[in-house]
């Protein structure tokens, strides 16, 4: 959960409110209903949806999402799993009571263990989770990114800390202005690696 949590926090802080909830959603669906973790992630998902809808001035939708998010987050500590839930809850209550509050006051940045995480702060495992979310959000081939993550993990397990795949997966997350270029390089390396592995496998057939 930690990697997905950190990935979603960083994506949210980068302004990708719609994408942020995808980092949490798959994990949330697997949790026991009404457990603290389930309510925590459900509340964050509703929070990011409220922030996203506020950009379109959908005040009725914003009010409903804020109300449900507060209900999910109520009862959790102000700092749950290292995230500033108290700040989020205070903002949501203000928006629930006056949806146009979202026009006047920016939503809180999310912190994790006291740090406002951004994509540059993510390690490889966090970045791997974020890369898959961003690929889906921006229409990049998800299987290519999945394969690159697999190759990166294989390289790290074999001690190759300087792996091209590790660097490219991290850059795909961090370099939003060059993401298309990074993806093309990532795809080229993945295709070459897969081709080499097929050639080697063919020797033993």
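Looking across the range 33-61, the residues that are in a helix (DSSP H, G or I) and over 21 Å from the mean Cα position of the chain (by Cα) come down to 59, 60, 61.
Within the range 70-93, the residues that satisfy the criterion of being part of a helix (DSSP H, G or I) and either under 20 Å from residue 116 (Cβ atoms) or not assigned by TED's automatic domain parsing to the domain that holds residue 113 (or both) are 73, 85, 86, 87, 88, 89, 90, 91, 92. Within the span defined as the range 162-170, every residue fails to be under 30 Å from residue 85 (Cα atoms) and within 11 Å of the chain's Cα centre (by Cα). One residue alone among 143, 179 is over 17 Å from residue 11 (Cα atoms) and in a helix (DSSP H, G or I), and that residue is 143. Do we have residue 2 as more than 15 Å from the chain's Cα centre (by Cα), at pLDDT below 95 and within 18 Å of residue 129 (Cα to Cα) here? No. Criterion applied to 64, 43, 8 was being buried (at least 22 other Cβ atoms within 10 Å of the Cβ) and under 16 Å from residue 91 (Cβ atoms), and the one residue passing it is 43.
Residues considered: 88, 83. Of these, the only one that is touching a strand residue (DSSP E or B) at 6+ places or on another chain (Cβ under 8 Å), modelled with pLDDT of 95 or more and under 13 Å from residue 43 (Cα atoms) is 83. Scanning the range 145-178 for residues that are crowded, with 17+ Cβ neighbours inside 10 Å, within 15 Å of residue 135 (Cα to Cα) and touching a residue at least 40 places away in the same chain (Cβ under 8 Å) turns up 145, 147, 148, 169, 170, 172, 173, 174.
The values are calculated or read from the model by the stated rules, or taken from the named source; none is laboratory data. As the structure is a prediction and not an experimental result, all values here were calculated from the model. When we count neighbours, we look across all protein chains shown, and the Cβ atoms used for this are built from the backbone with ideal geometry, even at glycine.
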